[in-house]
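The values are calculated or read from the model by the stated rules, or taken from the named source; none is laboratory data. Computed from a predicted model, the values in this text were never measured in an experiment. Because the Cβ atoms are built from the backbone with ideal geometry, glycine has one as well, and the counts that use them run over all protein chains shown. Accessible surface is based on the protein model in full, side chains and every heavy atom, while ligands, DNA and RNA are left aside. Shrake-Rupley method; radii C 1.70, N 1.55, O 1.52, S 1.80 Å.
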Amino acid sequence: MKKRFLLSLTILLFAAAAMTAGCGSDMQATKPQVLRVGMDASYPPFGSQNQETKDYEGFDVDIIRAIAAEEGFDVEISNRSFDGLIPALQSKEIDIAINDITITDDRKQSVDFSQPYYIAGLGIVVRADNDTVHTAEDLQGKALGVSIGSTGEEAARKIPGANVRVFNAINEAFLEVQNGGVDAVVNDIPTNEYYVSHAGGKHVRTAEVALTKEYLGIAVRKGNHELLEKIDNGLAKIKANGKFTEIYKKWFGKQPPQELLQ
């Protein structure tokens, strides 16, 4: 009887252990995956860090969180320099980069991009009292401020005779034009307009010059098709259910262009 009792007890213990392990596996399987998102949090309205709460906020932040909610994963955002985002993807330090990143053929060689989530372009910021910049030709021979690794830098270097000064963060370039250290800043139009309306005061203004039309995308490591499909699916869902439009209006005060919603 004792042997039978011990045998039954052993079987029960093994069964209990197996059930516990099974429950643990189920709990682990249902826990949302956490993906690491990199951005340069000095690009309002796309991304910035709230000085009081230290939380990240902006159009890009809301978009990637909305996509994550639709696709069942969580995000952990880290602040990185803009020119370090693609290397961070390649070295697997982050899984996703979203930071007002223009989709270009050159960048497509290094990373894969989602469908566009914003249509932008390159514009110009000058001092409020500067009335010399009305066309792209007016930038020739001028001192131009740009952020490192940006499409603004690429465009500025193509302007004949331009003295291109590169800054680590775009807000440094804005301050430099305000102080008269450069004649103009070449940068994304929405960021320019946000800076002028929120921080520039009466010292700077946007010039009536649009150099390019650009499409922004969310970047993932080259060949990570599974993650790219999740992002594209989530983006399509928030465009269809109205969440995308809600976020767009929150940060830009207007409806998104129809081209983006198709």
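If each of Gln262 and Val34 carries a label point 7 Å out from its Cα toward its Cβ, how far apart are those two points in nm?
4.1 nm
Can you find, among Gly181, His134, Ile231, the residue sitting farthest towards the positive end of the charge dipole of segment 99-248, where Lys and Arg contribute +1 and Asp and Glu -1 at Cβ?
Going by the charge dipole, the pick is Ile231.
Ordering Tyr117, Tyr215 by accessible area with a probe of 1.4 Å, largest first, what comes out?
The residues order as Tyr215, Tyr117, largest area first.
Kyte-Doolittle mean at least -1.0 and Cα extent at least 15 Å along the axis: which DSSP H helices of the chain qualify?
Going by DSSP H runs, the hits are 2-30, 59-71, 225-241.
Please work out the average accessible area per residue across the chain, using the 1.4 Å probe convention, and give it in Å².
Heavy-atom accessible area per residue stands at 52 Å².
Just reorder Lys142, Lys31 by solvent-accessible area, largest first, 1.4 Å probe, all chains present.
Lys31, Lys142
Express the carbon and sulfur contribution to the solvent-accessible surface of segment 160-262 as a percent, rounded to the nearest whole number, probe 1.4 angstrom.
48 percent
Given the Cα-Cα distance of His225 and Lys237 and 0.36 nm per residue of separation, how much length would full extension add, in nm?
Here the segment from His225 to Lys237 would lengthen by 2.5 nm.
How big is the equivalent ellipsoid of the chain along its three axes, where each semi-axis is √(5λ) from the Cα gyration tensor, reported in whole Å from largest to smallest?
49, 18, 17
Short version: ³J(HN,Hα) in whole Hz for each residue of segment 132-142, in order, from phi by Karplus 6.51 cos²θ - 1.76 cosθ + 1.60 (θ = phi - 60°), x for Gly and Pro, what are they?
Per-residue couplings from phi come out as 9, 10, 10, 9, 4, 5, 5, 7, 4, x, 8 Hz.
Given Cα positions, please report Rg to Rh for segment 93-154, the hydrodynamic radius being the Kirkwood one.
That ratio is 1.06, to two decimals.
State, as an integer percentage, the relative contact order of segment 83-158 based on alpha-carbon contacts under 8 Å between residues 6 or more apart.
Result for segment 83-158 is 27 percent.
Restricting to DSSP H runs of at least four residues, report the calculated mean residue ellipticity at 222 nm for the chain, -39500 (n - 2.57) per run over all residues, nearest 500 deg cm²/dmol.
The per-residue figure over the chain is -12500 deg cm²/dmol.
Report the relative contact order of the chain, percent, no decimals, based on alpha-carbon pairs under 8 angstrom and at least 6 residues apart.
So the answer I get is 24 percent.
Could you give the distance between the Cα centres of segment 226-262 and segment 84-129, to the whole Å?
With segment 226-262 and segment 84-129 each reduced to a Cα centre, they are spaced 17 Å.
For the residue pair Glu93 and Arg65, what label-to-label distance in nm results when each label sits 7 Å from Cα along the Cα-to-beta-carbon direction?
Inter-label distance under the simple model: 2.4 nm.
Using +1 at the Cβ of each Lys and Arg and -1 at the Cβ of each Asp and Glu in the chain, identify which of Asn241, Ala120, Phe252 lies farthest towards the dipole's positive end.
Farthest towards the positive end: Asn241.
How much FRET efficiency would the formula 1/(1 + (r/R0)^6) give for Ser197 and Thr245, where r is the Cβ-Cβ distance and R0 is 22 Å, rounded to 0.05?
Efficiency, rounded to the nearest 0.05: 0.55.
Using the Cβ atoms and a cut-off under 11 Å, what net charge is assigned to the surroundings of Thr104, where Lys and Arg are +1 and Asp and Glu are -1?
Around Thr104, the charge tally is -2.
Quick one: if the Förster radius is 30 Å, what FRET efficiency do Arg157 and Lys254 give, using the C-beta to C-beta distance and rounding to 0.05?
About 0.40, to the nearest 0.05.
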